[in-house]
Amino acid sequence: EKEREEQERFRREEEEKQRLEREKRAKEEERLAAVRKSKEEKEREEQERFRREEEEKKKREEEKRSKEEERLAAVKKAKEDKEREEQERYRREEEDKHRAEREKHEKEEARLAAIKKAKEDKEREEQERYRREEEDKKRKEEEKRAKEEERLAAVKKAKEDKEREEQERYRREEEEKHKREREKQEKEEARLAAIKKAKEDKEREEQERYRREEEDKRRKEEEKRAKEEERLAAVKKAKEDKEREEQERYRREEEDKHRAEREKH
């Protein structure tokens with residue numbers, strides 16, 4: 001009877017001990033699960049923070065790129081506006097120059113016409129005076145008058161021929177001058193167009209270089225972010241493996257302890 005009581009007491013103690021062990025193991029597993037959950041939540045928060053930082057960084061880079069493109073566009077527009085103003089100023093100067101040349105030419109023609117008219121008026125007056133003198137001298141001066149009229153007509157024709165030649169020479173000079181001015185203007189316009197094209201080509205090259213740099217930068221950022229995610233995943237996996245090993249070691253130790261208790265019993 002005493003042995004049965006002793007065995008019963010020993011059994012109850014063993015059961016109590018096993019219950020306490022089970023409770024201890026359950027609490028330890030809950031603690032480990034809570035630790036693992038806390039670690040996972042911390043890792044998720046860390047990844048979320050990293051993601052938000054990356055998105056914010058990407059957003060700032062995008063805003064910076066957008067502002068740079070706006071600045072380049074504004075610079076380009078300012079250059080084009082300045083070139084248009086320069087060409088407009090050159091065009092107005094050329095028009096003013098041509099208008100001044102035309103006015104000068106018209107004044108010269110008017111002056112030559114006035115000289116010609118004055119000469120013709122003077123000649124008409126001279127002829128009228130001569131005619132009256134000739135009429136006074138009657139027929140005896142007829143031959144002399146006829147010769148004088150022929151001489152005056154020849155002189156007049158020579159003068160008119162000379163004036164026509166002078167006007168024709170002036171017209172040719174003016175045409176040649178206008179031709180040189182047009183050629184000069186065309187060369188200047190071609191030079192300005194070449195300068196404008198060179199500037200536009202340079203701006204396009206600058207924008208293309210900036211675009212390539214931005215693409216390289218984004219690609220490097222993507223690679224860096226991918227590597228960081230791989231590193232975090234590797235760290236997480238290593239932690240989970242370590243926790244599994246820790247739980248497996250704890251399980252084996254519990255099993256060894258229970259086996260030793262059973263063998264002892």
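Side notes on the structure shown:
Each row is one residue, and each column tells you yes or no for (1) open to solvent by 100 Å² or more (accessible area, probe 1.4 Å); (2) over 21 Å from Ala100 (Cβ atoms); (3) part of a helix (DSSP H, G or I).
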| residue | (1), (2), (3) |
| --- | --- |
| Arg111 | yes, no, yes |
| Lys122 | yes, yes, yes |
| Glu128 | no, yes, yes |
| Arg132 | yes, yes, yes |
| Lys138 | yes, yes, yes |
| Asp161 | no, yes, yes |
| Glu168 | no, yes, yes |
| Arg171 | no, no, yes |
| Lys184 | yes, no, yes |
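- On inspection, Glu56 fails the criterion of being assigned to a helix (DSSP H, G or I), touching a residue at least 40 places away in the same chain (Cβ under 8 Å) and open to solvent by 60 Å² or more (accessible area, probe 1.4 Å).
- Within the set Glu143, Glu134, the sole residue that is more than 26 Å from Lys162 (Cα to Cα), in contact with a Lys or Arg (Cβ under 6 Å, 6 or more places away or on another chain) and at pLDDT below 95 turns out to be Glu134.
- Remark: Glu175 matches the filter, which requires a residue to be loosely packed, with under 11 Cβ neighbours inside 10 Å, more than 21 Å from Glu80 (Cβ to Cβ) and within 56 Å of the chain's Cα centre (by Cα).
- Candidates Arg12, Arg51, Arg25, filtered to the one that is farther than 20 Å from Tyr250 by Cα and surrounded by 11 or more Cβ atoms within 10 Å (Cβ to Cβ): Arg51
- A count restricted to segment 207-265 and to residues that are farther than 30 Å from Arg22 by Cβ and not small (Gly, Ala, Ser) stands at 28.
- Condition met for Glu43 (in a helix (DSSP H, G or I) and over 21 Å from the mean Cα position of the chain (by Cα)): yes
- Residues (under 22 Å from Leu112 (Cα atoms) and open to solvent by less than 80 Å² (accessible area, probe 1.4 Å)) located in segment 140-159: Leu152, Ala153, Ala154, Val155, Lys156, Ala158
- Annotation: of all residues in segment 248-264 being open to solvent by less than 70 Å² (accessible area, probe 1.4 Å) and touching an Asp or Glu at 6+ places or on another chain (Cβ under 9 Å), the one that is farthest from Glu29 (Cα to Cα) is Glu261.
- Which listed residue, of Ala238, Ala193, is free of Cβ contacts under 8 Å to residues at least 40 places away in the same chain and farther than 30 Å from Arg99 by Cα: Ala238
- Listed by first and then second residue, the pairs with beta-carbon distance under 8 Å, at least 6 apart or on different chains, first residue in segment 201-224 and closer than 26 Å to Phe50 by Cα, second open to solvent by 90 Å² or more (accessible area, probe 1.4 Å), are Arg218/Lys58; Glu221/Lys58.
The values are calculated or read from the model by the stated rules, or taken from the named source; none is laboratory data. Quick caveat: nothing in here was measured; it's all calculated off a predicted structure. Glycine gets a Cβ as well: all are built from the backbone with ideal geometry, and neighbour counts include every protein chain shown. When the accessible area is computed, the model is the full protein with side chains, heavy atoms only, and any ligands, DNA or RNA have been set aside. Shrake-Rupley method; radii C 1.70, N 1.55, O 1.52, S 1.80 Å.
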